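Structure record follows, encoded as structure tokens.
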Amino acid sequence: MIKIKAKDVDVFYGKKQALFNISLDIEENQVTALIGPSGCGKSTFLRCLNRMNDVIDICSVKGEILINDFNINDKSCDVVRLREKIGMVFQKPNPFPKTLYENVSYGPTIHGMAQSKQEMDEIVETSLKKAALWDEVKDRLHEPGTGLSGGQQQRLCIARAISVRPEVILMDEPCSALDPIATAQIEELIDELKKEHTIIIVTHSMAQAARVSQNTGFFHLGQLIEHGSTDKIFKNPDNKKTQDYITGRFG
Amino acid sequence: MNLILFTFIVLLGFTSYYFGRKKAYTIQSTKKRLTALPQFYGYYLAIWCAIPAFIIFSLWAIFEPTIVKLLILSDYSNQGYLDDELNLLYEKSKALSRGQFTGEITPFIEASAEKYLSLRSIAQSSKVVIVLSAIIASVAYAYKRISSNSRTREPVEKFLNAVLFTASLAAILTTVGIVFSLIFQTIDFFKVIPLFDFVFGTHWYPAKAFVRDSSEVLDPTMYSDTFGAVPIFAGTFFIAFIAMCVAIPIGLMSGIYLAEYASTKVRQYAKPLIEILAGIPTVVYGFFAALTVGPFLKELGTSMGLEVSAESALAAGGVMGIMIIPFISSLSDDVITSVPQSLRDGSYAMGATKSETIKRVIFPAALPGIVGSILLGVSRAIGETMIVVMASGLAANLTLNPLESTSTITAQIVVILIGDQAFGDPKTQAAFALGMSLFLVTLCLNIVALRVVKKYREKYE
């Protein structure tokens, strides 16, 4: 089933065009990987999906992005509700300088999702369990989140993102600041999360894309060159550029 | 004369630099490898020119007057003059030699004045000769010494190190000197006035100390109930409190606006405009408070049936608050801007609005820095002088009514030290005691503020 449907998306930074005519369908409860060389626009595209580009003054987005058949670029779209439905995990772990508990309860608090302290405790516990962090931190929930290791911080950010039960989770190179062990943990987690969430992951690691994703889109110079099932893109791509990139001839 | 000599020495320095570099180039042209860049050979020679000049100049400055004086006064030895009379004689002849003497000219003084002039000219010319020959000798020695494998870079670097060290040492020694003079005068003050009376006394009336006849023996009991500093400490903190009531909300909110809400364009113009406030001399704030705000508040109060002093604590504190706004706004703008963008992104991506993000993420993250900026503002408010002197009255009332006039530590120091002062008088020393307490308070505030700011910086770098 199609969850997100992007139609002819153009993105401009000031006068410079960063994305050209991107049309891409994203399937529900699957992992879609976006790959491509640095500066190709894959992160920009990812940030279109929860309107994070709004934060950048000079950035403007054109075209339609339908999520559950609703155009999020429409004026009637409430960004606060949208971002509740579309969570995001960033390249560098960015826990708030608050306690672990406050980090996870942040989203549910601002969206008024818990009526009592008990409910909040439950949300925090389930989110941390889903993020495979609970056992490591359950005894120090009231210590600062910035005191964790890099991999733990990133899982904390994932817990924070899933605390509001988003339908989609956007991940912008979530493992690029982590060591191989932490990376393996996150990848395992992604596989688990896709049962309940649709996941879109931007990655520089081709091996990671091949390991975790079912679908892959290849971006180059602001264009979506090719997309399809990960198997096909990696084994038998239609486009020569994709072939060259996959085999490491450029990028 | 000295100026010409100095210019000449500077020229000599440049010349030695030139010759040093030239020698280096000559060595280089013989295909030998130098141990340092040619400039270093030049600097090396210039330093050899500067050091002897500096040493001789300082020796002269230290010893010349003493020696000249000894020589002149040796004429009068064994004639039964007192030391004071001799000093006076010497000063008179010095003045006469400059043509600035207006008193009666005795033959003695005239003779001494002539001798003074001739001694000075001998001293001057011998200085010129000695300085120049010393420079030429040392530069020549150094010039002969430098060769392809002599070390020039290390001495030059060491010299620079020494110069910079001296500069910072001068700054530190001055501070230490000031602190020590404060401490000693304060100790003297507390020998006459008990510390307890100063710290807990509620009656401050230093003018009482004026009426003392100087021939009278110092009687400590007459100062009881004169130097009780409680009213002025209270006044100081009260006015600072009023100032911070104005400065903290406005400064903080404008800081948040500039950092988070203002577009680049607004920020570009608004920030310098706010910072202009910091560039206004405090004396201008002072007469603004005294001539505009004070009378305005008085009229406003009268029309509402309140009794308002024309020199109210409210006027002084309010204007002082305006003065402190730019410090708080600009510092808190800086700390808020330095909160990493990734935290904002994280919060926005959770669906938080701008105000939620500021309230729940950015403000707590920037809080230590903001507290630091507020503490710096408080220490400015406590140390501010001009506004209080002009706008808040000089009588030390012990009051918590903002509509009455009060006085502060700084204003009292001004009151005490304006006009002729006798050193060693408890009244003058009271200024040092006040200065000392002011210094201690602001020092503590600054230390705490800088600590807090530093702690915050460590977190994100």
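Values in this text are rule-based calculations from the coordinates and carry no lab data. From a predicted model like this one, the values you see are computed outputs, not experimental measurements. In this analysis, Cβ positions are derived from the backbone assuming ideal geometry, glycine residues included, and neighbour counts consider all displayed protein chains.
Given H placed 1.01 Å from N in the peptide plane, which residues other than close sequence neighbours of B:Trp204 have an amide H under 5 Å from its amide H?
Distant-sequence amide H within range of B:Trp204: B:Gly228.
Relative contact order of chain B: what whole-number percent is it, with Cα pairs under 8 angstrom and at least 6 residues apart?
About 16 percent, as a whole number.
Can you tell me the dipole magnitude for the protein assembly as shown around its Cα centre, using point charges on the Cβ only (Lys, Arg +1; Asp, Glu -1), in Debye to the nearest 20?
Result for the protein assembly as shown is approximately 3240 debye, rounded to the nearest 20.
Treating only the Cβ atoms of Lys and Arg (+1) and Asp and Glu (-1) as charged, compute the dipole magnitude of region A:130-251 about its Cα centre; round to the nearest 20 debye. Could the numbers behind the result be given before it?
On the way: 14 positive and 17 negative charges, 53 e Å.
It comes to approximately 260 debye.
Over chain A, what is the relative contact order in whole percent, taking alpha-carbon pairs under 8 Å and six or more residues apart?
It comes to 27 percent, rounded to a whole number.
Grab the beta carbon distance between A:Lys232 and A:Glu122, set R0 = 56 Å, and tell me the FRET efficiency rounded to 0.05. Before the final figure, lay out each step's value.
Details: r = 42 Å, r/R0 = 0.75.
Approximately 0.85, to the nearest 0.05.
How large is the helix-only mean residue ellipticity at 222 nm for the protein assembly as shown, computed as the sum of -39500 (n - 2.57) over DSSP H runs with n ≥ 4, divided by its residue count, in deg cm²/dmol to the nearest 500?
Working: 27 runs with 423 residues, N = 712.
That comes out to -19500 deg cm²/dmol.
Going by C-beta contacts inside 10 Å, put B:Leu450, A:Leu189 in order with the fewest on the left.
So the ranking, lowest neighbour count to highest, is B:Leu450, A:Leu189.
Across chain B, where is the longest run that never hits trypsin sites (Lys or Arg not before Pro) in a DSSP loop with at most 13 other C-beta atoms within 10 Å? Kindly include the intermediate steps, with their values, before the conclusion.
Numbers: sites that count: B:Lys31, B:Lys32, B:Arg33, B:Arg98, B:Arg151.
Looking at chain B, B:152-461 is the longest stretch - no exposed trypsin sites (Lys or Arg not before Pro) with at most 13 other Cβ atoms within 10 Å.
Could you tell me which of B:Gly317, B:Leu173, A:Gln154 has its Cα farthest along the dipole of the protein assembly as shown towards the positive end, charges placed at Cβ (Lys, Arg +1; Asp, Glu -1), taken about the Cα centre?
A:Gln154
In degrees, nearest 10, range 0 to 90: what is the angle between the Cα axis of helix A:180-193 and the longest Cα principal axis of chain A?
Between the helix axis and the principal axis of chain A, the angle is about 90 degrees.
Pick out, in residue order, every one of the chymotrypsin sites (Phe, Trp or Tyr not before Pro) in region A:144-251 that is DSSP loop and has at most 14 other C-beta atoms within 10 Å; say none if there are none. Please list the in-between numbers first.
Details: sites: A:Phe218, A:Phe219, A:Phe234, A:Tyr245, A:Phe250; in loops: A:Phe250.
Those satisfying the criteria are A:Phe250.
Filter the chymotrypsin sites (Phe, Trp or Tyr not before Pro) in region B:44-145 to those in DSSP coil with at most 15 other Cβ atoms within 10 Å of their Cβ, and list the result. Let's see the in-between values first.
Details: sites: B:Tyr44, B:Trp48, B:Phe54, B:Phe57, B:Trp60, B:Phe63, B:Tyr76, B:Tyr81, B:Tyr90, B:Phe101, B:Phe108, B:Tyr116, B:Tyr141, B:Tyr143; in loops: B:Tyr76, B:Tyr81, B:Phe101.
Passing both the DSSP loop test and the Cβ count: B:Tyr76, B:Tyr81.
Please report A:Cys77, A:Cys40 as a ranked list, fewest other C-beta atoms within 10 angstrom at the top and most at the bottom.
A:Cys77, A:Cys40
Where in chain B are the DSSP H helices whose alpha-carbon span along the long axis reaches 24 Å or more and whose Kyte-Doolittle mean is at least 1.0? Working shown, then result.
Details: long enough: B:2-29 (40 Å, 0.65); B:38-74 (54 Å, 1.39); B:107-145 (56 Å, 0.61); B:153-192 (59 Å, 1.15); B:230-256 (37 Å, 2.15); B:313-337 (35 Å, 1.50); B:363-383 (29 Å, 1.46); B:426-460 (51 Å, 0.55).
Qualifying helices, which must be both long enough and hydrophobic enough, are B:38-74, B:153-192, B:230-256, B:313-337, B:363-383.
Rank these for me by crowding, B:Phe439, B:Phe233, going from fewest to most other beta carbons within 10 Å.
Ascending Cβ contact count within 10 Å gives the list B:Phe439, B:Phe233.
Under the Karplus relation 6.51 cos²θ - 1.76 cosθ + 1.60, θ = phi - 60°, what is the ordered set of whole-Hz ³J(HN,Hα) values for region A:52-62, x standing for Gly and Pro?
5, 5, 4, 5, 8, 3, 8, 8, 10, 10, 10
Within chain A, what's the longest stretch lacking trypsin sites (Lys or Arg not before Pro) that sit in DSSP loops with no more than 15 other Cβ atoms inside 10 Å? Don't jump to the answer; show the numbers that get you there.
Details: sites that count: A:Lys15, A:Lys75, A:Lys195, A:Arg249.
The reported range is A:76-194.
Of the cross-linked pairs A:Lys138/A:Lys195; A:Lys7/A:Lys195; A:Lys195/A:Lys240; A:Lys7/B:Lys265, which ones have a Cα-Cα span greater than 29 Å in the structure shown?
With Cα atoms farther than 29 Å apart: A:Lys195/A:Lys240; A:Lys7/B:Lys265.
Residues of B:394-402, mean number of Cβ from any other protein chain within 10 Å of their own Cβ, rounded to a whole number? Please list the in-between numbers first.
Values: counts 0, 0, 0, 0, 0, 0, 0, 0, 0.
That works out to 0 on average.
Taking loop as defined by DSSP and a crowding limit of 15 other beta carbons within 10 Å, which GluC sites (Glu not before Pro) in region A:170-251 fit?
Listed in order of number, the matching sites are A:Glu196.
Note down the relative contact order for region B:230-460 as a percent, whole number, built from C-alpha pairs under 8 angstrom at least six residues apart.
Worked out over region B:230-460, it gives 30 percent.
Could you give the size of the charge dipole of region B:2-149 about its Cα centre, using +1 on the Cβ of each K and R and -1 on the Cβ of each D and E, expressed in debye and rounded to the nearest 20?
Rounded to the nearest 20 debye, it is 1700 debye.
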